[in-house]
Each structure stands twice: as C-alpha cells, then as structure tokens.
Amino acid sequence: MGYSLDFGWLADATGAIARGAAMTILLIAVTTLAGTFLSILGAAGRRNGPLLLKRAIGVYVEVMRNTPFLVQLFFIFFGLPSIGIRLDPILAAMLAMTLNMAAYTIEIVGAGLDAVPRGQTEAALALGLRPRQVFVKIVLPQALKVIFPALTSQIIIMMLESAVVSQIAVRELTYEADMLQARTFRAFETYFVVTMVYLVLSMGLRRLLVSGGRRALGAGVS
C-alpha cells in the first residue's frame, strides 16, 4: 500500500511549532545558566571544600549520572508532591534539567580546574590576591577556555534531552509535535519537520555558543 506525503497542514501548524521551539529555547537557556553556575560551585566545592561537602557533592554526581533523566523528572514532578512540594510543570522541567546538567558539568569543570597549573595559583596568592579572587580572575577563565568544547556539547545534549519533559505536559517542541500528529494523523511528516527543527536549533545553538565563547574567553575556543 503506497503512502502519499502531505505537508498541506504545515501552514496552519507553524504557530504551534514556533511556540514549541520557543519553549525549548527557554528551557535550555535557563538550564545552561543555572546548570553552569551550579557546576562551577560544585567543582570548586569538591576540590576545596570541607570533607563533608566533598562527599555530598560526590554522592549527588553519582546519583544523577547513574539514574535515568526521565526518572529524575518524574521524581520531581510526581514524587515531591507526596511530601507537600508541588511544582509547576515548567518549573519542574527546569529544575530537573538543571540538576541533571550540573551533575555532568561538575566533572567537566573539575577537569578544567585541574588543567590549570598549580604554580599560577601559588604565584597569585604570593602577590596578595585572596583565594576567591584567584579562583574567579585567574583559574576559572583558563579552565573555561579548556573545557568550552566539552561544555558546548553537553549543552547541546541537554537541549535534545529536553524532549523528555513533554511527558509532564510541558508544551515544548516534542509535545507540540505529538499534538499535531494526533490531530493530523501525519506522523511521518510531523516528526520529519520537527526533526529538522531540532537540527536547526542544535546547529544554531552550537554556532551561538562558539561565537559567544570566542568573544568572552578569547582565542582558543572552537
């Protein structure tokens, strides 16, 4: 039995696809900012904090890296209400994505911190800089330059994983695709179009991150 392609419905679906893409972009923007900030704190704490903090961060990283993101999302959205903590679907999605991304990027940022020669820290301290100043002004910029390609890849991966949050009715790109497919019964065309949108978003985000990284961190970012 033949199958006839039909993209006639696409004109009426452009608004829904655009809204879904906008929500996906919002989710990854918040996740990138919050997740990167948490990962910097976590990596610094894991290397310079008290023993209890180091162990707590280590447990957090292992738990998040060794459990499915979907389970983490369901735990936050469906599990927490059992103890009186109820979150809006979008907030739950942002929290789950941020915690998941931070667990992976703590390791990435940590590798960058370890790559900065110890002698630079010692020299800066000898010149009278405070430890926090040394970390923010000398160590962290060099570490970010080293890890930027890996950090960029992790952000892209997280954006693609954001499709999972459609399971808690967050109206991002995959959710809108599911709704369109249910209305039009054109599964092949719907998911083909949405696949292309994800491809454009991924390539555009990578270009944006690389361009922004070059300006913020200087030469060496690719």
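The values are calculated or read from the model by the stated rules, or taken from the named source; none is laboratory data. Keep in mind that what you see is a predicted model, and the values were worked out from it rather than measured. Virtual Cβ from ideal backbone geometry, glycine too; neighbours counted across all protein chains shown. We work out accessible area using only protein heavy atoms, side chains counted, and drop any ligands, DNA or RNA first. Shrake-Rupley method; radii C 1.70, N 1.55, O 1.52, S 1.80 Å.
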Helices (runs of 4 or more DSSP H) wholly inside region 1-82 containing at least 3 residues that are over 23 Å from the mean Cα position of the chain (by Cα) and surrounded by 13 or more Cβ atoms within 10 Å (Cβ to Cβ)
10-48
The conditions are (1) without any contact (Cβ under 8 Å) to a residue 60 or more places away in the chain; (2) open to solvent by 40 Å² or more (accessible area, probe 1.4 Å), and residue 121 fails exactly one of them. Which is it?
(2)
Given the criterion in a helix (DSSP H, G or I) and within 30 Å of residue 15 (Cα to Cα), identify the matching residue among 95, 87, 99.
95
Across region 171-222, which residue is most open to solvent (accessible area, probe 1.4 Å) among those that are farther than 30 Å from residue 7 by Cα and in contact (Cβ under 8 Å) with a residue 40 or more places away in the chain?
222
Index of the failed condition, residue 167 passing every other in (1) open to solvent by 40 Å² or more (accessible area, probe 1.4 Å); (2) closer than 30 Å to residue 47 by Cα; (3) not aromatic (Phe, Trp, Tyr)
(2)
Filtering helices (runs of 4 or more DSSP H) wholly in region 103-222 for at least 3 residues that are touching a helix residue (DSSP H, G or I) at 6+ places or on another chain (Cβ under 7 Å) and at pLDDT 95 or above gives 140-161, 173-184, 187-217
Can residue 151 be described as in contact (Cβ under 8 Å) with a residue 24 or more places away in the chain and closer than 21 Å to residue 204 by Cα?
yes
Between a first residue in region 18-40 that is over 16 Å from residue 200 (Cα atoms) and a second residue that is open to solvent by 10 Å² or more (accessible area, probe 1.4 Å) and of a type in the set (Phe, Trp, Tyr), which pairs have beta carbons less than 9 Å apart while being 6 or more apart in sequence or on different chains?
35/104; 39/104
Going by the conditions given, is residue 49 more than 30 Å from residue 179 (Cα to Cα) and out of contact with any Lys or Arg (no Cβ under 8 Å at 6 or more places or on another chain)?
yes
All conditions in (1) of a type in the set (D, E, K, R); (2) within 29 Å of residue 15 (Cα to Cα); (3) crowded, with 18+ Cβ neighbours inside 10 Å are true of residue 145 except (2)
For region 83-112, the count of residues that are under 23 Å from residue 22 (Cα atoms) and either open to solvent by less than 30 Å² (accessible area, probe 1.4 Å) or in contact (Cβ under 8 Å) with a residue 24 or more places away in the chain (or both) equals 12
